[in-house]
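Remarks on the structure that follows.
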Amino acid sequence: MNLKEKIFDALHKVKDPEINTVSILELGMLEEIEISEEAVSIKLLPTFMGCPALEVIERNVAEAVLGTAGTRRVEVKFIHHPPWTSDRITENGRQRLKEFGISPPPNHISETGEWEAECPFCGSIYTTMENLFGPAACRSILYCRSCRNPFEALKPYPR
Ligand SMILES: [Zn+2]
């Protein structure tokens, strides 16, 4: 493996601190890896504004990459251009979110601004919004009318 592949490998092991089944790569947070003689620079896009885990992610990324970077310095930066969107979550990432019991952000939003969330337990879209503001700013609480379970869903972003 070359250095870049090793770094990818290391980044793949960095999970979201709150949703520990999904890696930051699967969430689409990685924008760029720059490697020079002296440094490895990782540019990440923050996901939902207000999610409090960015500092933890920054530290975990730095630690993971440090092990592969040899004598190089490791820099981790959050950048805001291009903005992160929930479309960046990979198919694998969507699957991992469901395994955690969280409905991934919808691909489709109706013209009235309503979005359909799929129940992570039974796959039904016969669901209702219980509380737009869930335990974290980026999540909502929904209720599945098919299997009668409440579940969390990630909001589409931007919307
Ligand atoms: Zn269900």
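The values are calculated or read from the model by the stated rules, or taken from the named source; none is laboratory data. Computed from a prediction, not measured in an experiment: that's the story for all the values here. Positions of Cβ are backbone-derived with ideal geometry, glycine not excepted, and every protein chain shown enters the neighbour counts. Accessible surface areas use protein heavy atoms only, side chains included; no ligands, DNA or RNA. Shrake-Rupley method; radii C 1.70, N 1.55, O 1.52, S 1.80 Å.
Assorted remarks:
- Over all distinct Cα-Cα pairs of the chain, the Kirkwood formula returns a hydrodynamic radius of 16.7 Å.
- Adding -39500 (n - 2.57) for every DSSP H run of four residues or longer, then dividing by how many residues the chain holds, sets the calculated 222 nm ellipticity at -6000 deg cm²/dmol.
- Cα→Cβ-extended label distance, 7 Å offset, between residue 147 and residue 91, nm: 2.2
- Taking amide H as placed 1.01 Å from N in the peptide plane, the amide H of residue 31 sits under 5 Å from that of 43, 44, 45, each at least 5 places away or on another chain.
- Just the protein heavy atoms count here, and of the accessible area of the chain at 1.4 Å, carbon and sulfur take up 49 percent.
- Take the range 3-78 with all the other protein chains still there, run a 1.4 Å probe, and you get 50 Å² of accessible area per residue.
- Two-site FRET efficiency, residue 13 against residue 34, from Cβ-Cβ distance with R₀ of 22 Å, rounded to 0.05: 0.60
- Cut-off under 5 Å, modelled amide H: who pairs with residue 103 long-range: 152, 153, 154
- Three principal axis lengths of the range 3-78 [C-alpha, angstrom, descending]: 35, 20, 17
- Principal axis dimensions, the range 43-105 - Cα atoms, whole angstrom, descending: 41, 25, 20
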